[in-house]
Amino acid sequence: MKETFVVEPLMITKYTVDSFLCNMYVLMTQESLRDGNALVIDTIQSEEVLKDLNRADIRNLTIILTHEHFDHTTGINWLRENFEVHLISHEVCAKKILLPRNNRSLSIMGSDEDSRKYRYYPPYSCTTDETFCGDTSIQWCGLDVKIVYAPGHTAGSCCININTCMFVGDSALLGLPTLTRLPGGSQKDYNSMTLPFLKNLNLETVIFPGHGSVYKMAEVTYRGDCFQYIPDLKEEL
Ligand SMILES: [Fe+2]
């Protein structure tokens with residue numbers, strides 16, 4: 001399943017394999033297309049992604065991970081088989097994805113049909129090409145990509161910001177409290193660092209989460225431990 005968003009100069013395509021697995025975002029601009037480059041945030045395996053990237057004549061992928069969990073990293077090695085990949089992640093995330101035993105979080109978390117099939121997904125190891133600690137920024141095809149350290153969901157989590165777009169991984173899913181009880185998670189870090197950062201975002205910011213729907217800060221309010229749609233809250237009254 002895919003959905004496309006245009007936030008000039010970015011064309012952003014959100015790919016989702018099924019309801020449980022993560023959103024993979026593929027970003028392109030007119031300039032990046034000329035040079036065969038795309039920016040990817042989190043990864044899944046999808047033939048549709050492969051077909052679309054080949055059709056756009058993409059050869060080079062810069063991949064940034066929002067965090068280390070299994071469901072956000074399954075596509076890395078698969079993409080490496082098909083493209084020239086430069087993988088960027090927080091140093092904690094980089095250490096976690098290197099060790100095969102750490103990428104089984106989905107099988108631990110889920111008991112439904114989707115997660116059962118991944119219980120037998122072979123353990124794998126991913127090598128990061130560029131790591132960072134704290135906040136950082138990179139230049140990608142003339143755009144300033146800011147990366148903000150956002151611990152809480154995991155110790156290797158970050159939010160990725162380009163213009164008004166904010167890719168938040170699992171730190172701000174719409175209508176769901178952020179999970180902090182898995183290994184490396186910290187409610188204290190989330191409450192003291194990540195949540196204040198998210199609550200202070202400009203109302204024009206468009207949030208691209210790791211699961212579920214894309215939303216604008218102006219459309220939501222923080223209530224009951226999560227960001228919720230204001231129209232949904234009105235219906236409740
Ligand atoms: Fe996660």
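Quick notes on this structure:
- Any hit, the range 39-50, residues being within 29 Å of Lys95 (Cβ to Cβ), away from the ligand (no atom under 16 Å from the Cβ), open to solvent by 10 Å² or more (accessible area, probe 1.4 Å) and assigned to a loop (DSSP other than H, G, I, E, B): yes
- When the range 15-56 is filtered for residues that are under 18 Å from Trp140 (Cβ atoms) and basic (Lys, Arg), only Arg34 remains.
- Residues of the range 23-38 satisfying the condition of being more than 16 Å from the ligand (Cβ to nearest atom) and either assigned to a helix (DSSP H, G or I) or of a type in the set (A, V, I, L, M, F, W, C) (or both): Val26, Leu27, Met28, Gln30, Glu31, Ser32, Leu33, Arg34, Ala38
- Number of the exception - Gly36 against (1) modelled with pLDDT of 90 or more; (2) closer than 24 Å to Ala150 by Cα; (3) touching an Asp or Glu at 6+ places or on another chain (Cβ under 8 Å); (4) open to solvent by less than 10 Å² (accessible area, probe 1.4 Å): (2)
- Selection status of Thr194, at pLDDT 95 or above, open to solvent by less than 30 Å² (accessible area, probe 1.4 Å) and either more than 23 Å from Met1 (Cβ to Cβ) or in contact with an Asp or Glu (Cβ under 7 Å, 6 or more places away or on another chain) (or both): yes
- Candidate set from the range 122-142 (those that are at positive phi and either surrounded by fewer than 13 Cβ atoms within 10 Å (Cβ to Cβ) or of a type in the set (Gly, Ala, Ser) (or both)); member that is nearest to the chain's Cα centre (by Cα): Gly134
- Taking the criterion of being open to solvent by less than 10 Å² (accessible area, probe 1.4 Å) and either under 21 Å from Pro209 (Cα atoms) or in a helix (DSSP H, G or I) (or both), the residues of the range 53-67 that qualify are Leu53, Leu61, Ile63, Ile64, Leu65, Thr66, His67.
- Residue count, the range 156-176 (criterion: open to solvent by 30 Å² or more (accessible area, probe 1.4 Å) and within 13 Å of the ligand (Cβ to nearest atom)): 1
- Residue match in the range 83-94 (condition: away from the ligand (no atom under 16 Å from the Cβ), surrounded by fewer than 17 Cβ atoms within 10 Å (Cβ to Cβ) and either under 27 Å from Arg181 (Cα atoms) or at pLDDT below 95 (or both)): yes
- When Gly184, Gly212, Gly142 are checked against the criterion of being modelled with pLDDT under 95 and either farther than 21 Å from Glu91 by Cα or in contact with an Asp or Glu (Cβ under 7 Å, 6 or more places away or on another chain) (or both), a single residue qualifies: Gly212.
The values are calculated or read from the model by the stated rules, or taken from the named source; none is laboratory data. This structure is a prediction, so every number in the text was calculated from the model and none was measured. Every residue, glycine among them, receives a Cβ derived from its backbone with ideal geometry; neighbour counts consider all protein chains shown. When the accessible area is computed, the model is the full protein with side chains, heavy atoms only, and any ligands, DNA or RNA have been set aside. Shrake-Rupley method; radii C 1.70, N 1.55, O 1.52, S 1.80 Å.
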